[in-house]
């Protein structure tokens, strides 16, 4: 993987020099309205993937593989874990979080797992920053680090604060777990949340979509799963293709995993990182009488379409112009499109195909959650009640213009 940090630096610097940063990304620095503040093997081989993964195989992400055997006990019930922290690069000195998604260390252009987009000088000369020694793939780390310097809303510390306050969240549900430190077959569902249900002093429940005070599970607050991902009555469409627990380390692979963050307290709309071929890994702490069960040392890695990120940016509200970015995001297209470093499908790695995705990584911790609230959507009426234009009406003239797609 080639991250090409200097391409992003050059692109953003040029945008700033021309005064286009706010015009392109559509946000001024914001103030927060509610303040609160591994297994044994480095490289392991998993069992053959299921049909959803295809015949290409999934064999290494720098995490433990399936345990050789599991205690033959009856599977337990459902266990919920809610993210208590999300680190997209809070301390840059720690290096990029993530996983070796393309299963190779790429120190230079020649060893990339896909063919980088064609570009003339000087861009071609700037494609020289490769993987760290760990092989971690995370181009979006460099992007977020650049944005945090110019747009306070994208500061990873503020994003983590919004998670803990309750503006957004992510809950993992583990099913079919035998309760032991080794289980060769479990199921994991992911539930993005968009606020929480809180109980008022009079005992009357209220949906606190604005998160006017921090989420407090001890007070009876319930996180509200995003209705966009509901399956049947209590399930989620974001379900692992395979998952296991090896010596207390949970590993799960998702064909699709959504991480919708609130990049701004002023906009109800989430900024969606739509991940493909995503992996989640974390150490399961079983808890005791004093400390509950938790997930720690967690990491999320996946592949995201550059075009999908362009679409997300296009829906951002620009307070200076009083409009939404829409097709004005074209000015940012070269930055994101030139940063493509990976294929969206792991089946295409090493086949000399054109890079069509960006790698993503994040660290996380999670606590045990007793229950989820009912599903809730973000409806047009919610936006209008706050004086905002619903996302479906923000770019009526832009539609699906080619400008929002990276060249092939």
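Below, the figures for the structure above:
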item: Residue order, fewest to most beta carbons within 10 Å, for 193, 237; result: 237, 193
item: Distance in nm between pseudo-label sites at residue 232 and residue 379 (7 Å out along the Cβ direction from Cα); result: 2.6 nm
item: Ranked by how many other beta carbons lie within 10 Å on average, peptides 301-307, 94-100, 371-377 from highest; result: 301-307, 94-100, 371-377
item: Full-stretch length increase - residue 56, residue 371 - with 0.36 nm per residue and alpha-carbon distance subtracted; result: 109.6 nm
item: Spin-label pair residue 256/residue 157, simplified geometry with 7 Å Cα→Cβ offset, distance in nm; result: 3.6 nm
item: Gain on full stretching of the segment that runs from residue 247 to residue 104 - 0.36 nm per residue minus C-alpha separation; result: 49.0 nm
item: Where labels lie 7 Å past Cα in the beta-carbon direction, separation of residue 180 and residue 392 in nm; result: 5.0 nm
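Rule-based calculations on the coordinates, nothing more; no lab input. Since we're looking at a predicted model, the values are computed, not measured. Backbone-built Cβ (ideal geometry, glycine too); neighbour counts: all protein chains shown.
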